[in-house]
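To keep things clear, I will list the structure first and then write my remarks on it.
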Amino acid sequence: MKILIFLIALIPFALFSQQNADTTYHPEIKYPAYASGTGPVVCIDEGHYNFHTMNGRYKPFAMLLERDGYNVKAFPGTFRASELEQCNILVIANALSDRAEDYTIPDPSAFTGAEIETLKKWVTDGGSLFLIADHMPMADASKDLAAAFGFEFTNGFVFDTLSRGIAFFNLDNKTLTDCIITKGRDTTENVHEVVTFTGQAFTIPGDATSILTFSDAFVNFLPDTAWVFDETTKKIDAGGWSQGAFMKYGKGKIAVFGEAAMFTAQVAGPEPRKAGMNSEYATENYQFLLNIIHWLDGKLE
């Protein structure tokens, strides 16, 4: 059993270390939210050793939003109130501490206490935060920030015990929630299935709505070192836990997700495989992303 688990672990780690943005991915946007360049400002954090950045692995994310009319900008520094004023929506994707290359526990917070308080006030006063924190070590790096809003991250890896593959969330089995985000602005924006690529599981506060909810087939593995599992690895049943949720907070909004590849387009591995919105299995992910942004923007209420 130990050999089997170890071999399973090696494959994702190889893909994880060789992810590159697929900038050829251009899905059709039938009805852009805004004329080109006239929409609100979406800032993407690049000041916290982020694994995903605007001009790096989240380039397809930025390109999609730009094609929807948004102004997408990099946010390179510390979170300060005066600088957050330029942002209508702030995206934080896989922030890390200064131990960015050390994938062992403990994983320090990527954010200072002052930054967390600044972000909490910014959202309370009307800002919209899109927090994305993947499996270990990214979950722990954003754990304190998530906790400030009532979300409890787990620094692990969630696997389907039946397939060990990608996760499918759909309306038919209610693992995908029928809600304003899955409905979109009209029937052309309806989302019926969302696919994720490993990631973490978390619990949500009472005011939040889980939009991606794990079935009983999923287990949360909590290793000491990223992608290294054996029979001693702690495991927790993840059924009923969330991998994506949203809620209003004060005058603002927050969307929280525990997997990052689902919102970009990547090629990974020595024999490039598509992983993300460009995957043949994830044809509705791009519309799901647009719907989340539209909700954070206020175009969906």
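The values are calculated or read from the model by the stated rules, or taken from the named source; none is laboratory data. Since the model is a prediction, treat every value here as computed from it, not as a measurement. In this analysis, Cβ positions are derived from the backbone assuming ideal geometry, glycine residues included, and neighbour counts consider all displayed protein chains. What goes into the accessible areas is simple: the full protein's heavy atoms, side chains included, and nothing from ligands, DNA or RNA. Shrake-Rupley method; radii C 1.70, N 1.55, O 1.52, S 1.80 Å.
Observations, loosely collected:
- The alpha carbon gyration tensor of segment 97-248 gives principal lengths a ≥ b ≥ c with a/c of 1.5 or higher and a/b no greater than b/c, which makes the shape oblate.
- Compared with the direct C-alpha span, the chain from Thr161 to Asp98 gains 19.3 nm at full extension, assuming 0.36 nm per residue.
- Spacing of the two label points (7 Å from each Cα toward its C-beta) at Lys299 and Thr112, in nm: 3.6 nm
- Convex hull volume per residue, computed on the Cα atoms of segment 44-161, equals 120 Å³.
- Three-way shape call for segment 127-215 based on the alpha-carbon gyration tensor, with the a/c threshold at 1.5: oblate
- Under 5 Å between amide hydrogens, built in the peptide plane, is the criterion, and for Trp241 it picks out Phe214 among residues at least 5 positions away or on other chains.
- Compared with the alpha-carbon gap, the fully stretched path from Ile29 to Glu66 is longer by 12.2 nm at 0.36 nm per residue.
- Separation of segment 126-193 and segment 56-92, taken as the distance between their Cα centroids, equals 20 angstrom.
- Cα gyration tensor shape for segment 12-89, rounded if a/c is under 1.5, else prolate or oblate: oblate
- Solvent-accessible surface (1.4 angstrom probe) belonging to Thr175, in square angstrom, nearest 10: 10 Å²
- Accessible surface of the chain [probe 1.4 Å, protein heavy atoms]: carbon and sulfur percent: 52 percent
- Where only C-alpha atoms are counted, convex hull volume of segment 84-143 per residue in Å³: 80 Å³
- Computed over the chain, the percent of Cα pairs more than 28 Å apart is 32.
- Database note for the chain: Cys without another Cys beta carbon under 4.7 angstrom, Cys179.
- For Lys121, a cut-off of 17 angstrom between C-alpha atoms picks up these aspartates and glutamates, skipping any fewer than 8 places away in its own chain: Glu83, Glu85, Asp144.
- Most tightly packed first, judged by the mean number of other beta-carbon atoms within 10 Å of their residues, the peptides 114-124, 278-288 read 278-288, 114-124.
- Phi-derived couplings, Karplus 6.51 cos²θ - 1.76 cosθ + 1.60 at θ = phi - 60°, listed residue by residue for segment 150-163: x, 9, 10, 7, 10, 8, x, 10, 9, 10, 6, 5, 8, 10 Hz, with x used for Gly and Pro.
- Evaluating 6.51 cos²θ - 1.76 cosθ + 1.60 at θ = phi - 60° for every residue in segment 255-261, the Karplus couplings come out as 10, 10, 9, x, 7, 9, 4 Hz, glycine and proline recorded as x.
- Per-pair calculated FRET efficiency, R0 = 30 Å: Ser215 and Thr187 via Cβ, rounded to 0.05: 0.65
- Taken along the Cα-to-beta-carbon direction at a fixed 7 Å, the label points for Cys179 and Tyr281 span 2.4 nm.
- Interchain or long-range residues, amide H under 5 Å from Tyr249's placed H: Ile254
- DSSP bridge orientation in the chain - percent antiparallel, rounded to nearest 5: 65 percent
- A Förster radius of 22 Å combined with the Cβ-Cβ distance from Asp207 to Asp172 puts the calculated FRET efficiency at roughly 0.25.
- Residues with amide H under 5 Å from that of Glu46, placed H, sequence gap 5 or more: Phe75, Gly77
- Exceeding the 22 Å Cα-Cα cut-off - candidates Lys30/Lys183; Lys253/Lys299; Lys120/Lys174; Lys143/Lys235; Lys235/Lys274; Lys183/Lys274: Lys120/Lys174; Lys235/Lys274; Lys183/Lys274
- Model label sites at Thr78 and Asp237, defined 7 Å from Cα along the beta-carbon direction, differ in position by 4.6 nm.
- About the Cα centre, charge dipole magnitude for the chain (Lys/Arg +1, Asp/Glu -1 at Cβ), debye: 320 debye
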